[in-house]
Amino acid sequence: RVRSSAASDVYKRQVQGNGNKTGLNLLQQGEIDAAASDLTARSSRSLTDHPIGALLSVLVVNPDVQVSGLSSTQIQAIYRGQITNWSQVGGPNEPITVIQRSASDPVTQIFNAFVLGGMREHVHGQRLNDNWAQAVAETAGAISYVPWQEAQGVAVSILAIDGVTPDSASIIAGAYPFWGVEHLYTRGDGTTQLQSYAAYLKTGQASALFLRYGVVPIAMLPQNVLASHLPGPEI
C-alpha cells in the first residue's frame, strides 16, 4: 500500500486492509489503532473514515489482441459471456480468455459496481489468486483488470474505457469510471499519532507519492466526483 517509510512507523499494531474484513474487525475490537481498506466500511461498524484518495484500476489485455479500448457495453458483454472472440470488437479472430479475480476481491467488487453497472461476472474464465497482469502477458487473447500500479513494467496493453484513457486527469474530470476510494479507518478520532498521520496524507509530499502509485489524493478530487463513488461496495 502507498505510504512513506517514515509514515509507516506512525501506526501502532496497524493492519493494512485491501478491503480486509479481518483488519476492520480487529479495529472494531480495539486490537489495532487503524485499518486501511479499498472498500467502504458499513455504517454499522461505527468507524471514522479518513478518505485517502482514488485508487486507479485498469483493464489489461495481451498485446496480441491489438485493440486500444472497449466501450462499457462491450466490456459488459465480454463479462456476460456474450462476446467471446476479439473479432467481435475489432480485434483478431482469436478467442477471448478472461483471467478472473476472486468474487470477494475488492478490485472485483469495484469493477462490478462501476464498470459492469452493478452486475456480477457471468463468464467462464481462468480464476487466479495472484499475478493477474503477468498471466495476461503470458496468455494469448487474455483480458483482466488490475490496479494501475500492478500493470506497470508488465508486457500488457492498458485499455481505454468508452474512449477515455485511464489516468489521474480523467478521474479528476469524472470521465473515467474504474476506480475506488482508499480509506483509513479509526475508532473515534483515533490516536494522536493517527491524527498526525491523517494530516500528513494531505500534504504535498504525500500527494506526490500517491500520484506515482496511481492514487489521486483526496484533495484533488471534486466533491461531485468523490460522491459518485461513495459509498461504493461495502464491507
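The values are calculated or read from the model by the stated rules, or taken from the named source; none is laboratory data. This is a predicted model, so every value here is computed, not measured. Cβ coordinates were reconstructed from backbone atoms using ideal geometry, including for glycine residues, and neighbour counts include every protein chain displayed. Each accessible area value is taken on the protein alone, full model and side chains, heavy atoms only, with ligands, DNA and RNA left out. Shrake-Rupley method; radii C 1.70, N 1.55, O 1.52, S 1.80 Å.
Assorted remarks:
- Positions within segment 148-199 being assigned to a helix (DSSP H, G or I) and over 15 Å from Ile52 (Cα atoms), in sequence order: Trp148, Gln149, Glu150, Ala151, Ala169, Ser170, Thr192, Gln193
- Scanning segment 200-214 for residues that are touching a Ser or Thr at 6+ places or on another chain (Cβ under 9 Å) and open to solvent by 60 Å² or more (accessible area, probe 1.4 Å), we see that the one that is nearest to Gly53 (Cα to Cα) is Leu211.
- Residues within segment 103-118 that are open to solvent by 20 Å² or more (accessible area, probe 1.4 Å), under 14 Å from Ser228 (Cα atoms) and part of a loop (DSSP other than H, G, I, E, B), tallied: 2
- The residues listed here are Ala133, Ala137; of these, the one that is touching a residue at least 60 places away in the same chain (Cβ under 8 Å), in a helix (DSSP H, G or I), open to solvent by 20 Å² or more (accessible area, probe 1.4 Å) and more than 30 Å from Glu31 (Cα to Cα) is Ala137.
- Taking the conditions (1) modelled with pLDDT of 95 or more; (2) over 16 Å from Asp162 (Cβ atoms); (3) among the aliphatic types (A, V, I, L, M) in turn, Val89 satisfies each one other than (2).
- Unique residue being farther than 15 Å from Leu184 by Cα and touching a residue at least 60 places away in the same chain (Cβ under 8 Å) when the list is Tyr200, Tyr213: Tyr213
- Taken over segment 158-186, the residue count meeting the criterion of being open to solvent by 50 Å² or more (accessible area, probe 1.4 Å), more than 19 Å from Ala113 (Cα to Cα) and touching a Ser or Thr at 6+ places or on another chain (Cβ under 7 Å) is 0.
- Condition met for Gly19 (modelled with pLDDT under 90, more than 15 Å from the chain's Cα centre (by Cα), of a type in the set (Gly, Ala, Ser) and open to solvent by less than 30 Å² (accessible area, probe 1.4 Å)): no
- Residue within segment 128-149 that is among the charged types (D, E, K, R), at pLDDT below 95 and closer than 30 Å to Asn85 by Cα present: yes
- Residue in segment 28-76 that is nearest to Val216 (Cα to Cα), counting only those that are surrounded by 23 or more Cβ atoms within 10 Å (Cβ to Cβ) and hydroxyl-bearing (Ser, Thr, Tyr): Ser57
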